Amino acid sequence: MLVLRGVLGALYLIAYFYTISKIPLTDASILAHLSPIFVIIMSAIFLKENISGKIALMLPIIFIGALLLVKPFDYSSYSVYAFVGVLSAMLGQLYLTKAFTHEKAVVVEVTRYIGIVYNAMRGFLFWGEVPGIVTIAGGVLIVAGCMALSRVEPA
């Protein structure tokens, strides 16, 4: 299990660094913070946890936010790089799952959203990146949806 954890952690880092080398840091950071979604999906699949109706209603909002960032119908290299960013979120969640055995996973995960603010500031200060309206809209949907998920009691 330790070797698997190491491999998944390495894949997460490779995918994340690849993504931030290809798309704006804010976009990559927001995509990497999709991991609460993967907590819910993986807990339903592997732990057989029930997904409440409130959670099921919030998931589409978060997916719409992710679609705004990934731009799947654009067929540009950006959408491919953004997809790798989503992949890094999934791999990162696999890597971090063990850390969430001491507290409700979604609550712990939501505290990581301050990193988006810091990454947006770094992107602006060091590379002159200014998030566009689509990035802001997608980011708001993802962050607000995931924060709302932290307030929902499990089924």
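The values are calculated or read from the model by the stated rules, or taken from the named source; none is laboratory data. Given the structure is predicted, the values throughout are model-derived calculations rather than measurements. Because the Cβ atoms are built from the backbone with ideal geometry, glycine has one as well, and the counts that use them run over all protein chains shown. With ligands, DNA and RNA removed, areas are computed over all heavy atoms of the protein, side chains included. Shrake-Rupley method; radii C 1.70, N 1.55, O 1.52, S 1.80 Å.
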Being touching a helix residue (DSSP H, G or I) at 6+ places or on another chain (Cβ under 9 Å), crowded, with 19+ Cβ neighbours inside 10 Å and closer than 25 Å to Ile133 by Cα is the requirement here; does Tyr16 meet it? yes
Unmet requirement for Phe73, which otherwise passes all of (1) open to solvent by 70 Å² or more (accessible area, probe 1.4 Å); (2) at pLDDT below 85; (3) part of a helix (DSSP H, G or I); (4) not acidic (Asp, Glu): (3)
I want to confirm something. Restricting to segment 23-41 and keeping residues that are open to solvent by 30 Å² or more (accessible area, probe 1.4 Å) and in a helix (DSSP H, G or I), which single residue is farthest from Gly115 (Cα to Cα)? Ile41
